[in-house]
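Structure record follows, encoded as structure tokens.
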Amino acid sequence: MIITTSPEMNGQAFIAGAYTAAVSGKTFDCISPVDGRVLTQVAACDVADVDLAVRVAREAMDDGRWCNLAPAVRKRTLLRFAELIEQHAEELALLETLDMGKPIRDSRAVDVPATVNCFRWYAEAIDKVYGEVAPTASNVLATITREPLGVCGIVVPWNFPLIMAAWKLAPALAAGNSIILKPAEQSPLTAIRLAGLALEAGIPAGVFNVVPGFGETAGRAIGLHMDIDGVFFTGSTAVGKLFMQYSGQSNLKKVGLECGGKTGHIILADCGDLDAAAEAAAYGIFFNQGEMCTAGSRLILDAPIKDAVLEKLTAFAATMQPGNPLDPETRLGAMVNHEHTQRVMEYIRLGNEEAELLIGGKQCEVVGGGCYIEPTIFHQVDNRMRIAQEEIFGPVLAVITVNGVDEAIRVANDSIYGLAAGVWSDNVNTLFKATRALKAGVVYANCYDADDITTPFGGYKQSGMGRDKSLHAFDKYTELKTTWLRLR
Ligand code: NAD
């Protein structure tokens, strides 16, 4: 049954522990891709708002109201925060779905629980991380400790608004930093709601600030600010490069980048479970409407099993037709907005020129005013084609046929991206060879999109630098200090 209730919506900024309008008073419409309705007005933050947020965040660092608390105390507060997120699960799931169009079944089963788990995990971790003592000569003591980085800017995309924010917020807050979070302009509502819950949980005012707004204004102001110590970004490779430039043009702030991907997903002829592989390939590209940095968007099929996989894949795709995201049965929801829908449709037009359309390829009217595209598969794709090289970020699969593992690896690695890769084979030697040779930060063997907060996530090549998740994430949000003590 389609959900008809709507939670309360707040589009204000959150600075110094209070909801507030933008300094300029400007707002923009927050439009739902489910049906095109205006959900609320959102504060259009800009340089003045970022300045204000950085000032209060710096004060919080300077007086130590959060960073000087014992890790065990920050842990208790963050556990309360996770508890509050869990208590507001239904509200947050609905906000996420209304704001960016993903199916409510996924917001409920994936986005909110993963967010809760992420905060719990880093809360639990922070009082178990020790410093080091260096093996120096006996008349000196050298300790190696981690200190919070300081004021951190966090800039995130719209495809997993809660999870992408949590992957950075949780380790950054646990480590004692103060935060300026800028959600994507397409999906600001859950970030804004999180800030209020953080205050309620006991995270002191000024430590967690949210400045909604556009990339060219609020995002750029964060990148160029002279008093932000680090900026941690998830989004496109093009904007990731801008953040490197902003850093160089300002105060050489630390930069962490999680950028785009164009995953090569290989199924070899000796794969023993083609049903599982084909199902994984379907979810790999159609889950979250294909709006996934790890979308298995280049399916690389060994010639002998190509037809069998395509038949199974087409059958799975047929069960994933777009539906109303507010219907708990829906598996493929709405694209994030009309602009992105048109961008994806332009790639489909290009695909029709470059390759052979197998299924899909059309926009559909699931709900009037909404943004919906059929699951689409192109085959007879050459890896040099644009649909094989560029990140489409939609439910559009490019199928490339190869002969054997060596060609498959060569094709998979022939990309500017290196975020994820996948390979299916029943031969352990082949699997080992492929997983070693694939140039990607995450490699799936006989599975796809496996995920756990304990494992690092990030990319080789132009997919970024640094890692989210796992204890490795603390590297980004801390400075490493060596202290020498001469002993008498
Ligand atoms: P985007 O790069 O357009 O925007 C991301 C964020 O950057 C938004 O908050 C946006 O407002 C801001 N921004 C945009 N232009 C800016 C500018 N000129 N200066 C400063 N900030 C600016 O990306 P998107 O369309 O929101 O998200 C899709 C992209 O995110 C895809 O490329 C996808 O692969 C990537 N992504 C990567 C990961 C990962 O972990 N590697 C995860 C999710 C999404």
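Figures for the structure shown
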quantity: Flag for GLY150 being surrounded by 21 or more Cβ atoms within 10 Å (Cβ to Cβ), more than 16 Å from the ligand (Cβ to nearest atom) and at pLDDT 95 or above; calculated: yes
quantity: Failed criterion for PHE81 (all others in (1) open to solvent by 10 Å² or more (accessible area, probe 1.4 Å); (2) of a type outside the set (Val, Ile, Thr); (3) in contact with a Phe, Trp or Tyr (Cβ under 6 Å, 6 or more places away or on another chain) hold); calculated: (1)
quantity: Any hit, segment 17-30, residues being under 22 Å from LEU149 (Cα atoms), open to solvent by 50 Å² or more (accessible area, probe 1.4 Å) and over 25 Å from the mean Cα position of the chain (by Cα); calculated: no
quantity: Residue within segment 316-323 that is within 16 Å of the ligand (Cβ to nearest atom) and part of a helix (DSSP H, G or I) present; calculated: no
quantity: Residues being in a helix (DSSP H, G or I) and β-branched (Val, Ile, Thr) - total across segment 162-184; calculated: 1
quantity: Filter result for LEU274 (away from the ligand (no atom under 16 Å from the Cβ) and within 17 Å of GLU390 (Cα to Cα)); calculated: no
quantity: Residues within segment 42-54 that are closer than 11 Å to PRO212 by Cα and either open to solvent by 50 Å² or more (accessible area, probe 1.4 Å) or not assigned by TED's automatic domain parsing to the domain that holds ALA22 (or both), tallied; calculated: 1
quantity: Hits in segment 31-41 - residues which are open to solvent by 60 Å² or more (accessible area, probe 1.4 Å) and over 15 Å from ARG193 (Cα atoms); calculated: ILE31, ARG37, VAL38
quantity: Single match in VAL133, VAL129, VAL140 (criterion: farther than 30 Å from ASP327 by Cα, in the same structural domain as LEU197 (by TED's automatic domain parsing), free of Cβ contacts under 8 Å to residues at least 24 places away in the same chain and in contact with a Leu (Cβ under 9 Å, 6 or more places away or on another chain)); calculated: VAL133
quantity: From ILE392, ILE387, ILE377, residue being in contact with a helix residue (DSSP H, G or I) (Cβ under 9 Å, 6 or more places away or on another chain), more than 16 Å from the ligand (Cβ to nearest atom) and touching a residue at least 40 places away in the same chain (Cβ under 8 Å); calculated: ILE377
quantity: Helices (runs of 4 or more DSSP H) contained entirely in segment 340-454, each with at least 2 residues that are more than 26 Å from VAL239 (Cβ to Cβ); calculated: 405-413, 428-437
quantity: Odd one out for LEU194 among (1) within 12 Å of the ligand (Cβ to nearest atom); (2) outside any loop (DSSP other than H, G, I, E, B); calculated: (1)
quantity: ALA205, sole failed condition from (1) out of contact with any Gly (no Cβ under 7 Å at 6 or more places or on another chain); (2) farther than 26 Å from VAL129 by Cβ; (3) away from the ligand (no atom under 16 Å from the Cβ); calculated: (1)
quantity: Number of the exception - ILE392 against (1) in the same structural domain as ILE126 (by TED's automatic domain parsing); (2) closer than 15 Å to LYS262 by Cβ; (3) of a type outside the set (Gly, Ala, Ser); calculated: (1)
quantity: Within segment 166-186, tally of residues that are near the ligand (Cβ under 10 Å from one of its atoms) and free of Cβ contacts under 8 Å to residues at least 60 places away in the same chain; calculated: 3
quantity: Check on LEU487, away from the ligand (no atom under 16 Å from the Cβ) and at pLDDT below 95; calculated: yes
quantity: Residues satisfying the stated conditions in segment 441-458, i.e. of a type in the set (Gly, Ala, Ser), within 11 Å of the ligand (Cβ to nearest atom) and in the same structural domain as PHE287 (by TED's automatic domain parsing); calculated: GLY441
quantity: Subset tally (residues that are open to solvent by less than 40 Å² (accessible area, probe 1.4 Å) and among the acidic types (Asp, Glu)) for segment 360-387; calculated: 1
quantity: Where GLU390 falls short, out of the listed (1) open to solvent by less than 60 Å² (accessible area, probe 1.4 Å); (2) more than 23 Å from the chain's Cα centre (by Cα); (3) among the charged types (D, E, K, R); calculated: (2)
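The values are calculated or read from the model by the stated rules, or taken from the named source; none is laboratory data. Bear in mind that the values here come from a model prediction, so they are computed numbers and not experimental data. Note: ideal-geometry Cβ built from the backbone for every residue, glycine included; neighbour counts use all protein chains shown. All accessible areas refer to the heavy atoms of the entire protein, side chains included, with ligands and DNA or RNA removed. Shrake-Rupley method; radii C 1.70, N 1.55, O 1.52, S 1.80 Å.
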